[in-house]
Amino acid sequence: MAIIDTSKTKKPFVVDRDTDVFIGLQLPLHKSFGAEGNFKCTETMMEAVKVNIRNLLQTELKERVFQPSIGIKLRQYLFEPFTEEVQINIEDSINKTFNFWLPFVKVERVNVKMAQNDDDANKGRLYVSVDFRIKSVPNVLESVTIQFGG
């Protein structure tokens, strides 16, 4: 998870052109035999931010030891009727959590869907898609999609 830089000096934006510099770990963890070290790493800031967003969305609130405020309660909605109110609650929860834990990310759109198919394989699956920009790179729009249940 990213750490907020509270130092007084403003650092310039890092351009990800150096292929020998790694930013974070790729998840799920995979063994690496190259220059990365023991585990595969993310090479660009955008890859690292996507990994952070996926982790934040998939972490249930109070799941993390010593940091119970990290996460979002999304699994609780899997067995509730999917109404407009539930959809708005999920979107608000995601926006508040991102504003606190990822303040360098600007959420453009949150799309929440519940699979309503009759087949048992997909029924009750929750899909969350977040379109975002990194505030220091406002011209690049990216998206992360997560599914819960099933």
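Condition check: touching a strand residue (DSSP E or B) at 6+ places or on another chain (Cβ under 6 Å), at pLDDT 70 or above and under 29 Å from Val137 (Cα atoms). Does Thr59 satisfy that? No: the conditions fail for Thr59.
Does Ile88 meet the test of being at pLDDT 90 or above and surrounded by 15 or more Cβ atoms within 10 Å (Cβ to Cβ)? The answer is no for Ile88.
Sort out which residues of the stretch 48-66 are farther than 18 Å from Phe148 by Cα and open to solvent by 70 Å² or more (accessible area, probe 1.4 Å), and write them in order of number.
Of the stretch 48-66, the ones farther than 18 Å from Phe148 by Cα are 48-49, 64-66.
Once the filter is applied, which keeps residues that are farther than 18 Å from Phe148 by Cα and open to solvent by 70 Å² or more (accessible area, probe 1.4 Å), the stretch 48-66 yields Arg64, Val65, Phe66.
When Ser69 is tested against (1) among the polar types (S, T, N, Q); (2) in a helix (DSSP H, G or I); (3) open to solvent by less than 80 Å² (accessible area, probe 1.4 Å), just one condition goes unmet, and that condition is (2).
Of all residue pairs spaced 6 or more apart or on separate chains, those with beta-carbon atoms under 7 Å, a first member in the stretch 36-65 that is free of Cβ contacts under 8 Å to residues at least 40 places away in the same chain and a second member that is assigned to a helix (DSSP H, G or I) and not aromatic (Phe, Trp, Tyr) are Thr42/Ala48; Thr42/Val51; Glu60/Arg75.
Suppose we filter Arg64, Arg54, Arg75 for residues that are closer than 17 Å to Phe132 by Cβ and within 19 Å of the chain's Cα centre (by Cα); which single one remains? If you could, list the steps in order and put the result at the bottom.
On the way: Arg64 fails: closer than 17 Å to Phe132 by Cβ; Arg75 fails: closer than 17 Å to Phe132 by Cβ.
Residue meeting the stated conditions: Arg54.
The values are calculated or read from the model by the stated rules, or taken from the named source; none is laboratory data. Please read all numbers here as calculations on a predicted model, not as lab measurements. Positions of Cβ are backbone-derived with ideal geometry, glycine not excepted, and every protein chain shown enters the neighbour counts. Remember, those area values only see protein heavy atoms, side chains included, never the ligands or the DNA or RNA. Shrake-Rupley method; radii C 1.70, N 1.55, O 1.52, S 1.80 Å.
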